[in-house]
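Encoded as structure tokens, the structure appears first; notes follow it.
The values are calculated or read from the model by the stated rules, or taken from the named source; none is laboratory data. Treat the numbers as computed from the prediction; the structure is a model and nothing was measured. So basically every Cβ, Gly included, is an ideal-geometry build from the backbone, and we count neighbours across all protein chains shown. Accessible surface areas use protein heavy atoms only, side chains included; no ligands, DNA or RNA. Shrake-Rupley method; radii C 1.70, N 1.55, O 1.52, S 1.80 Å.
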Amino acid sequence: MKHKKYSAVIVGSGIAGLYAAIKLEKEANLSDGILIITKTQLIESNSKYAQGGMVCVMPENKLDSTTLHIEDTLKAGAGLTDESVAEFISKNSAGVVKELQSFGVDFDRDENNKLKFTKEAAHSVNRILHAGGDATGFCIENALVKYVLERKNIDIYEQTLAVELLKDKNNVIKGLISYNCNTNQYEIIEAPAVILATGGIGQLYRYTTNPDITTGDGIALAYRAGAVVKDMEFVQFHPTAFALTDKGTMFLISEAVRGEGAKLVDKSGKTFMEKYDERLELAPRDVVTRAIYHEMAKTGASNVYLDATHISEEKFEKRFPTIYATCKEYNINPSKDYIPVSPSAHYFMGGIKTKVDGTTSLEGLYAIGEASCTGLHGANRLASNSILECAVTAYELVNLLKTKTLINNFTEDEEIQKTIKMYDEDLDKTKVDTNKIFAEIKNIMWQDVGIIRNEEMLLKAKKEISLLKDDFAHLYKCADRNCYEIRNMLTVASLITDFALKRKESRGAHFREDYPQCDPEAKSQQISRFAEMKG
Ligand SMILES: Cc1cc2nc3c(=O)[nH]c(=O)nc-3n(C[C@H](O)[C@H](O)[C@H](O)COP(=O)(O)OP(=O)(O)OC[C@H]3O[C@@H](n4cnc5c(N)ncnc54)[C@H](O)[C@@H]3O)c2cc1C
């Protein structure tokens with residue numbers, strides 16, 4: 001197998017990975033340069049699809065303060081947010097926005113050239129920056145991609161997967177094995193800093209707003225190497241995905257549309273949120289999601305509707321150009337027609353346990369962005385806090401790495417040799433119907449580890465996932481990208497199910513109908529492959 005040496009390898013090219021690459025290249029002393037590995041094209045990521053915006057507490061926004069933002073984040077996190085993390089991230093928001101601007105990101109401004117702030121559910125004031133109207137993620141990602149492509153010290157592998165971490169006998173991560181999906185070539189990447197910025201897990205569910213790269217790879221890789229993972233039961237379901245396509249990957253109708261006064265209605269145009277929560281359409285996401293779920297279950301309908309007809313067509317198109325264009329593609333005029341919506345898996349609060357500087361429980365391994373769990377989101381994420389977390393964790397990781405000498409001291413000890421040998425061997429040629437397994441995992445997770453959970457459902461899911469694991473024999477070298485993804489999805493699906501079984505209460509995004517109350521004594525849960533679950 002070919003070997004390559006880098007000062008740092010970054011897996012993932014969403015906002016977290018690209019931000020880290022740019023800052024590291026600018027500020028650290030790198031004798032061997034940086035490698036970015038990404039599953040498909042550089043721009044393809046969850047980040048690209050973010051609509052609403054990015055939280056920023058700016059001194060010029062006189063109504064806002066970090067105290068207020070921290071309060072809102074703690075409320076959304078339902079008792080499990082780490083307050084010191086929320087404080088750190090909030091206090092650094094203005095700094096990272098400035099830095100993003102220096103990397104070429106333009107946030108929307110008003111006629112006086114002042115940054116525009118908007119509001120989303122559970123925020124007490126307008127504090128969300130946006131770009132391109134409702135194309136914030138695309139605009140940020142696009143600017144960062146452009147910047148990275150101009151850097152000589154950053155190499156890029158597209159259509160390439162990280163498939164295994166290389167850990168030596170002292171439990172230090174020394175690099176990884178990559179797999180090029182086009183050439184089927186494997187390579188050993190030696191690096192003193194391995195940074196996982198692999199994003200979320202939406203594709204584990206039948207319906208999701210996430211693109212098809214989100215199969216929890218980084219979390220599975222880290223867990224298999226022995227890193228601690230945390231808060232794995234907390235999956236956020238977005239209440240309003242566009243229900244007209246029958247594809248599993250659904251277009252998002254941003255919360256900001258409800259922020260502009262749109263109402264949720266049944267097919268006869270009757271509102272229903274008043275039966276569930278006094279905050280109506282702007283109640284927290286988990287509350288609105290469960291309300292829609294109950295309405296759909298009661299009537300047997302496959303969706304409800306969003307009534308935004310009070311907004312003129314001109315205003316809707318200007319404020320929500322992407323949503324407007326997608327609705328029009330399906331012959332829906334949002335200022336005249338109801339928009340069909342239903343819930344969909346959207347964001348993962350859990351992940352690889354890290355500090356705000358991305359350090360994990362394993363030396364040499366770092367995780368940032370949605371793949372990590374810093375403790376900011378607790379049991380539920382406050383809208384638009386995730387891009388902020390991507391930026392602040394990337395920023396802080398680089399501040400840490402630039403104090404270190406990133407010199408390669410890779411030696412193939414017996415542990416590393418053992419791992420490499422498994423990828424040197426011939427492929428396991430057993431034919432697997434990957435589409436069938438994808439569908440099975442997604443159905444199990446959607447039906448039994450989804451919006452509403454109970455012991456019986458979770459035990460059924462545990463058993464079914466375990467049977468799928470037994471049938472799927474590709475423990476090491478796999479045949480193709482799909483097999484690698486299935487291997488990772490099965491690892492993450494079991495973790496989510498086990499964590500959900502252990503949490504015998506309802507809190508934030510985790511709702512157990514057999515334990516509908518919150519247990520004030522319950523804490524965050526965490527586990528590593530080599531230790532019992534703690535919590
Ligand atoms: C429709 C939608 C709307 C959203 N709106 C908002 C919003 O308004 N505000 C907000 O704050 N958040 C929003 N979010 C959430 C936010 O976009 C994400 O949490 C954030 O962008 C994650 O960034 P990331 O860099 O951690 O990961 P991602 O952007 O998901 O990037 C992950 C990268 O890792 C790569 N990768 C994965 N596995 C491997 C592997 N094995 N090998 C190599 N590469 C791999 C992928 O190809 C990708 O490049 C939204 C999400 C969605 C889906």
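Taking one quarter of the surface of the C-alpha convex hull of the chain gives a mean projected area of 23.6 nm².
When both segment 450-489 and segment 347-410 are represented by their alpha-carbon centers, they are found 26 Å apart.
With 27 Å as the limit, write out which pairs from 48/353; 355/502; 119/146; 436/462 have Cα-Cα distances beyond it, or answer none. Those over the limit are 119/146.
By average Cβ neighbour count within 10 Å, what is the ranking of 186-194, 408-416 from highest down? Show your work: numbers first, answer last.
Working: 186-194: 22.9, 408-416: 13.7.
Going from most to least packed, we get 186-194, 408-416.
So for segment 403-535, Kirkwood radius off the Cα pairs, Stokes-Einstein at 25 °C and 0.890 mPa s: how many µm² s⁻¹? Display every interim value, and only then the final one.
Values: Rh = 17.5 Å.
The diffusion coefficient I find is 140 µm²/s.
To the nearest µm²/s, what D does Stokes-Einstein give for segment 147-194 at 37 °C and 0.692 mPa s, using the Kirkwood radius over alpha carbon pairs as Rh? The diffusion coefficient I find is 272 µm²/s.
Per residue, how large is the accessible surface of segment 1-117? Use a 1.4 angstrom probe and give square angstrom.
Per-residue accessible area for segment 1-117 comes out at 41 Å².
Report note on the peptides 418-424, 280-286: ranked by the mean count of other C-beta atoms within 10 Å, highest first, their order is 280-286, 418-424.
In this label model, residue 268 and residue 212 are separated by 4.2 nm, measuring between points 7 Å along each Cα→Cβ vector.
When segment 1-147 is described by a simple charge dipole with +1 on each Lys and Arg Cβ and -1 on each Asp and Glu Cβ, the residue from 121, 34, 13 located farthest towards its positive end is 34.
Full extension of the segment from residue 413 to residue 180, taken as 0.36 nm per residue of separation minus the current Cα-Cα distance, would add 81.4 nm.
Using DSSP to call loops (not H, G, I, E or B), can you name the trypsin sites (Lys or Arg not before Pro) in segment 3-77 whose Cβ has at most 14 other Cβ atoms within 10 angstrom? Let's see the in-between values first.
Values: sites: 4, 5, 23, 26, 39, 48, 62, 75; in loops: 39, 62.
Sites meeting the loop and neighbour criteria: 62.
I'd like the antiparallel share, as a percent to the nearest 5, of DSSP beta bridges with both residues in the chain.
Working: 38 of 62 bridges.
That works out to approximately 60 percent antiparallel.
Distance from the Cα centroid of segment 494-526 to that of segment 98-166 is 34 Å (rounded to whole angstrom).
About its Cα centre, the chain has a charge dipole of approximately 40 debye under the convention of +1 per Lys or Arg Cβ and -1 per Asp or Glu Cβ, with nothing else charged.
Considering only protein heavy atoms, what per residue accessible area in square angstrom results for segment 391-530 with a 1.4 angstrom probe?
Numbers: 6990 Å² over 140 residues.
Per-residue value: 50 Å².
Considering only DSSP states other than H, G, I, E and B, which trypsin sites (Lys or Arg not before Pro) in segment 370-415 qualify as loop sites with at most 13 other Cβ atoms within 10 Å?
404
Heavy atoms only, probe 1.4 Å: what % of the accessible area of segment 1-135 goes to carbon and sulfur, would you let me know? Spell out each step's value before the answer.
Numbers: 2490 of 5230 Å².
Solvent-exposed carbon and sulfur of segment 1-135 make up 48 percent of the total.
Counting only protein heavy atoms and a probe of 1.4 Å, the accessible surface of segment 194-320 is 51% carbon and sulfur.
Segment 292-441 has equivalent-ellipsoid semi-axes of 44, 26, 16 Å, by the square roots of 5 times the alpha carbon gyration tensor eigenvalues, sorted largest first.
Going by average Cβ density within 10 Å per residue, which order do the peptides 51-61, 12-22, 487-497 take, highest to lowest? Mind dumping the intermediate values first?
Numbers: 51-61: 20.9, 12-22: 30.5, 487-497: 23.6.
The most tightly packed comes first, giving 12-22, 487-497, 51-61.
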